[in-house]
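The values are calculated or read from the model by the stated rules, or taken from the named source; none is laboratory data. Since we're looking at a predicted model, the values are computed, not measured. Note that we place each Cβ from the backbone using ideal geometry, even for glycine, and neighbour counts take in every protein chain shown.
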Amino acid sequence: MRREFNLMVLIFCMAMVALLAGCGQKEVSNSTEQGGLEVKEITAWGVIDPQISAQQIIAKKMGFFKEEGLEVTNKLQQSGTEIGPMVAGGSAQVSFESTYTDISLASNNIPMTLIAPMANIGGTQAVVASSGLDINSAQDLEGLKIGMAPGSGVLIAIRKMADELGVDINSFRFVKLQPADQIIALEKGDIDLMACWEPWVSKAIALDGKILFSGLNSYLPENKGDVNYLNFHTTLQVTNDMLKYPETLKAFLRALVKATDYINNNREEAAAILSEELNIEKEELLGIMSRNIYSLQVDSDFVDGITEMATFMKEMDNISKIPQVLDFVDFSLLKEVDKDLVKVDLK
């Protein structure tokens, strides 16, 4: 009888321990609670660029990946153009890049899926005037020499500015130059304006150049403030075989959400971390980061930006066909992580 009583007490105590443990676990949102991780080790490919890889670096350095039960190895390349072929070959299963690369891959039927935006970098796609140029109105831009790399998406912003402010875009004298050559030409006075992106915009500013407008902001006298000339995003994409690991990818996304919050709420500290990792001066980083909007939010600007860029790429003969957005994006995992991040219903 006593033995039976002791057994009942033991069972009761074990049940209470399990109950209390269960209550305690519910206070913390983690991967185990929502389902075990299918895989825990991930190699994430990115770029030595605070626009593309800021979140993956911060998530690693701040331990956000570890908090989600993941062991992540970041591998950063010099340029985003290096990642596309790796995705196509299957060696980069998880990577950070831009919608430009995503569209190119999708157009070539590479089995990949864009699962979240990282940042709107339209503010870093800009037109910068030389230090000695006096611009009193947008019409003063007519007839000027503009350095620009062939096929640059910043041309979208130039076209919209010209259309909105009544500037004759046909009067512009475009000079085909790569970013580094634009800096030299601007300093020598061989061109009046450069149409480029970061970090070259910051380098032009360091030479007393003046930003006239970007994809998201205008500093022209008659139109100062926010604009909607170009929505260009950095993104997270995975090869389709990674989609069989939904719990792992959700854990990865949760860590990136934490990293994004950290960047937005602790800009100085985030810049210090990125400066060490990217070997870029902190002050230069702060300038670049100030022109980015770090967010995983999927809204109409993001979706429209993809369609607009794809149309432009086809016009420039950079792709042979325009892929359908629904064929290479899937935000269902992001919506499970935080439904408020997905503002549009893609059908």
Quick check, is residue 27 farther than 20 Å from residue 341 by Cα, part of a loop (DSSP other than H, G, I, E, B), of a type in the set (Asp, Glu) and at pLDDT below 95?
yes
Among (1) farther than 20 Å from residue 316 by Cβ; (2) assigned to a loop (DSSP other than H, G, I, E, B); (3) in contact (Cβ under 8 Å) with a residue 40 or more places away in the chain; (4) in contact with a helix residue (DSSP H, G or I) (Cβ under 8 Å, 6 or more places away or on another chain), there is one condition residue 143 misses while meeting the rest; what is its number?
(3)
For the stretch 277-322, which positions are among the acidic types (Asp, Glu), assigned to a helix (DSSP H, G or I) and either closer than 15 Å to residue 49 by Cβ or in the same structural domain as residue 160 (by TED's automatic domain parsing) (or both)?
277, 284
Residue hits (the stretch 264-276; out of contact with any Lys or Arg (no Cβ under 7 Å at 6 or more places or on another chain) and touching a residue at least 60 places away in the same chain (Cβ under 8 Å)) are 270, 274
Hits in the stretch 84-99 (condition: surrounded by fewer than 24 Cβ atoms within 10 Å (Cβ to Cβ) and part of a helix (DSSP H, G or I))
84, 85, 86, 88, 89
At least 3 residues that are in contact with a Ser or Thr (Cβ under 9 Å, 6 or more places away or on another chain) and farther than 21 Å from residue 49 by Cβ in each: list the strands (runs of 3 or more DSSP E) lying fully within the stretch 163-244 that qualify.
223-226
Let me confirm something: among 226, 208, 261, which residue is touching a residue at least 40 places away in the same chain (Cβ under 8 Å) and among the acidic types (Asp, Glu)?
208
Where residues in the stretch 63-76 are under 19 Å from the mean Cα position of the chain (by Cα) and of a type outside the set (S, T, N, Q), which of them is farthest from residue 44 (Cα to Cα)?
64
